[in-house]
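A short write-up of the structure that comes next.
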Amino acid sequence: MASKKHHLDTLRTVSLFSGCNNKELEKVAKASDEIRMTAGTLIVDQGQTGREAFVVLDGEIEIKRNNRKVATLGPGAVVGELSLLDHGPRTATAVCATDCTLLVIDQRRFIGVIDSVPAISHKLLASLAARIRDLDRQYFG
């Protein structure tokens, strides 16, 4: 099992949480659970309803959209983060390319963190806005 420090160090590198301070990251870490998955394990399935996000602590995850590989993600990457905000369908499939150690952040517990530390929501909104702007620049110049 990874240490609390490793969890915090990894969460600190996740773009979604980049604006959070140590106290806020500790709350997110406490609201998550560490799990291990073997290579080939399905993490999320495109089109299915999501209720949690996964942060990669160790290992690699392959991302497929419409059965086409679009990325390989490693430590510090997050999968399924939109499910922390809504119950919409997963936008891609994620499978462990190697044995992986992940932090699972359940939506219900995450909402509890936001309710207890409302300032986190402002930081998440800023992070999401930055990502939308990046995507806009990529596609529209």
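Each reported figure results from applying straightforward, stated rules to the coordinates on display, with no laboratory input. Note that the coordinates shown come from a computational prediction; the quantities given were computed from them, not determined experimentally. Using ideal geometry, Cβ is built from the backbone for each residue, glycine included, and neighbour counts are taken over all protein chains shown.
This table checks each residue for (1) in contact with a strand residue (DSSP E or B) (Cβ under 9 Å, 6 or more places away or on another chain); (2) surrounded by 13 or more Cβ atoms within 10 Å (Cβ to Cβ).
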| site | (1), (2) |
| --- | --- |
| K4 | no, no |
| L11 | yes, yes |
| E24 | no, yes |
| I35 | yes, yes |
| L42 | yes, no |
| Q46 | yes, yes |
| T49 | yes, no |
| F54 | yes, yes |
| E60 | yes, yes |
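In region 118-141, how many residues are buried (at least 17 other Cβ atoms within 10 Å of the Cβ) and more than 15 Å from S83 (Cα to Cα)? Spell out the reasoning first.
Taking region 118-141 as the starting set, the residues that turn out to be buried (at least 17 other Cβ atoms within 10 Å of the Cβ) are 120, 123-124, 127.
From what is left, the residues that are more than 15 Å from S83 (Cα to Cα) are 120, 123, 127.
Summing the residues that are buried (at least 17 other Cβ atoms within 10 Å of the Cβ) and more than 15 Å from S83 (Cα to Cα) in region 118-141 gives 3.
Output the qualifying pairs, or none if there are none: Cβ atoms under 6 angstrom, residues six or more apart or on different chains, first residue in region 34-52 and closer than 20 Å to V70 by Cα, second residue small (G, A, S).
I43/A94; V44/G80; V44/A94; Q46/A92; G50/G80; G50/S83
Does region 32-52 contain at least one residue that is closer than 22 Å to F110 by Cα, of a type in the set (V, I, T) and touching a Leu at 6+ places or on another chain (Cβ under 6 Å)?
Yes: one or more hits.
Return the residue satisfying two criteria in turn: it lies in region 1-20 and is free of Cβ contacts under 8 Å to residues at least 12 places away in the same chain and part of a helix (DSSP H, G or I), and of such residues it is nearest to S121 (Cα to Cα).
As a first pass, look at region 1-20 and keep what is free of Cβ contacts under 8 Å to residues at least 12 places away in the same chain: 3, 5, 9.
Cutting the leftovers down to part of a helix (DSSP H, G or I) gives us 5, 9.
Values: K5: 23, D9: 20 Å.
Filtering region 1-20 for residues that are free of Cβ contacts under 8 Å to residues at least 12 places away in the same chain and part of a helix (DSSP H, G or I), the one nearest to S121 (Cα to Cα) comes out as D9.
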